[in-house]
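Since the structure comes first, as structure tokens, the remarks are kept for the end.
Just so it is clear, none of the values below were taken in a lab; they were calculated from the coordinates. Treat the numbers as computed from the prediction; the structure is a model and nothing was measured. So basically every Cβ, Gly included, is an ideal-geometry build from the backbone, and we count neighbours across all protein chains shown.
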Amino acid sequence: IHEGKTFQCPDCDHTPYAYQSGLWNHTKRIHEGKTFQCPDCDHTPYANQSGLWKHAKKKHTALNL
């Protein structure tokens, strides 16, 4: 970010990413069809396990007590 370096998807014209991890998540979700679905609800699929974990912690923690 500070050096102005971005990461462009080689497969499409999607907006450049400031972090390589953003490009990795994009590639997994869009080009490889990899998503993480919450097993407890029908919430929108997540591009990575971190997003799913944050959702589960926020929405389902009280249910797991």
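Quick one: which residues, 5 or more positions from His14 or on another chain, have an amide H under 5 Å from its amide H? H modelled 1.01 Å from N in the peptide plane, none for Pro or chain starts.
Long-range HN contacts for His14: Cys9.
Can you check what the net charge comes to around Asn48, using other residues whose Cβ is under 14 Å from the Cβ of Asn48 (Lys, Arg +1; Asp, Glu -1)? If you can, show how the numbers build up before the last one.
Values: positive: Lys28, Arg29, Lys34, Lys54; negative: Glu32.
In short, +3.
Hey, for a label at Gln37 modelled as a point 7 Å past Cα toward Cβ, could you say which residues of the range 44-59 have their backbone N under 14 Å away?
Residues 44-47 qualify, since their backbone N sits under 14 Å from the label point.
In angstroms, what radius of gyration and Dmax does the range 4-61 have, counting Cα atoms only?
13.3, 40
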